[in-house]
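Single-structure report; data block below.
The values are calculated or read from the model by the stated rules, or taken from the named source; none is laboratory data. Predicted model only: the values in this text are computed from it and were never measured. Note that we place each Cβ from the backbone using ideal geometry, even for glycine, and neighbour counts take in every protein chain shown. These area figures cover heavy atoms from the full protein model, side chains too; ligands, DNA and RNA do not enter into them. Shrake-Rupley method; radii C 1.70, N 1.55, O 1.52, S 1.80 Å.
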Amino acid sequence: MLTKVAVLATAAAFSFGVAAPASAEVTADLLPAANMEAVLKAAQIDPRRADSALTPGAKDSVLLVEQALSAKGLLDQQYVDGHFGTSTITAYSSYQKSLGYTGLDASGLPGKTSLEKLGEGRYTVTAVVSAGSRLTYHGKTMNTRTKEMLVKAEGLLGRQLTITQGSYNPGGVGASAGTHDGGGALDIGVEGMSSATRTDVARKLRQVGFAAWVRTPDQGFAYHIHAIALSDPDLSSGAQHQAGDYYLGYNGLAGRGSDDGPAVTPKLTWEEYQRA
């Protein structure tokens with residue numbers, strides 16, 4: 001259905017003998033914008049909160065998504081509040097499944113295509129985040145975005161890193177608890193590194209947009225660095241939880257202990273780092 005503005009624009013065009021503008025373009029200009037970066041950040045953090053606090057800067061965009069989910073009967077009105085909590089995650093997962101998505105693509109973490117489909121006639125999508133294509137780097141599978149982040153961190157460190165486990169590796173390492181099933185997840189070897197060097201590697205990874213921790217024997221692991229690319233739209237559910245916990249000051253393990261990694265302020269995504 002054309003908006004009043006679209007109808008008037010079309011009528012005016014006929015009156016002056018010029019081509020009418022596309023009604024979709026006119027209509028789109030009138031729609032509010034959902035910022036994908038903000039929505040992704042909230043979808044990682046909010047489900048891990050103990051309360052219904054809002055992720056700064058995300059409320060307006062999350063409300064647009066929740067209103068669209070509610071209009072489709074997938075989200076009760078009481079949860080249309082700007083908090084992308086577990087109820088919204090479940091509702092969004094149901095929407096993804098209604099599109100025919102399964103597995104990783106129906107985790108409840110919004111992707112560009114599903115966000116745009118959900119917003120048809122209601123909102124436009126800005127600040128799009130793309131994982132890119134899958135590729136091999138340092139002998140392990142990851143996506144384009146993760147490789148770019150890793151290359152930047154290696155440049156800051158002045159050294160190449162050894163990747164012991166990449167992304168899209170379902171069931172590959174049981175101790176990883178599914179965090180490597182999707183994109184954005186890496187394990188980095190630290191053989192021969194001093195404690196100070198391990199910490200510096202984790203710090204540089206954090207600076208470019210990873211949630212990164214040095215895992216230790218005291219935690220039940222051989223020494224390595226575990227890294228999750230914040231806001232990767234291909235994150236597994238386990239990786240989403242670790243990303244949210246990183247923002248909230250936890251160590252990304254099941255016990256949710258205090259973050260034991262190097263302090264980096266502010267905690268930036270790859271997109272935010274590039275703009276900064």
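Which one, Gly171, Pro110, Thr197, projects farthest toward the positive side of the charge dipole computed for the stretch 92-198 from Cβ point charges (K/R +1, D/E -1)?
Pro110
Let me check against my output: what whole-number percent is the relative contact order of the chain, with C-alpha pairs under 8 Å and at least 6 apart?
Worked out over the chain, it gives 16 percent.
Of (1) 77, 40, 34; (2) 59, 46, 30; (3) 55, 42, 32, which is the value of Cα extents along the principal axes in Å derived from the coordinates here?
Matching entry in (1) 77, 40, 34; (2) 59, 46, 30; (3) 55, 42, 32: (1).
Determine the per residue accessible area of the stretch 134-275 with all protein chains present and a 1.4 angstrom probe, expressed in square angstrom.
For the stretch 134-275, the per-residue accessible area is 41 Å².
Leaving out same-chain residues fewer than 8 places away, which lysines sit with a Cα under 18 Å from that of Lys140?
Lys152
Note the angle between two axes, namely the Cα long axis of helix 36-45 and the longest principal axis of the Cα atoms of the chain, as a number of degrees from 0 to 90, rounded to the nearest 10.
50
Rounded to the nearest 0.05, what FRET efficiency do Lys59 and Thr199 have when you use their Cβ-Cβ distance and R0 = 30 Å?
Once rounded, the FRET efficiency stands at 0.25.
What whole-number distance in Å separates the alpha-carbon centres of the stretch 127-159 and the stretch 205-276?
Between the Cα centre of the stretch 127-159 and that of the stretch 205-276, the gap is 16 Å.
Taking K and R as +1 and D and E as -1, what net charge do the other residues with C-beta under 15 Å from the C-beta of Tyr95 add up to?
Net charge around Tyr95: 0.
When the accessible area of the chain is computed with all protein chains present and a 1.4 Å probe, what percentage of it is carbon and sulfur?
Answer for the chain is 51 percent, counting heavy atoms of protein chains only.
Can you give the calculated 222 nm mean residue ellipticity of the chain, where each DSSP H run of n ≥ 4 adds -39,500 (n - 2.57) and the sum is split over every residue, rounded to the nearest 500 deg cm²/dmol?
Helix contribution divided over all residues of the chain: -11500 deg cm²/dmol.
Please calculate the 1.4 Å probe accessible area of Arg134, with all protein chains present, and give it to the nearest 10 Å².
150
Can you tell me how the stretch 33-126 classifies by the Cα gyration tensor, rounded, prolate or oblate, using a/c under 1.5 as the rounded cut?
rounded
Quick check: Cα centre of the stretch 30-54 to Cα centre of the stretch 71-103, how many Å?
After rounding, the separation between the Cα centres reads 13 Å.
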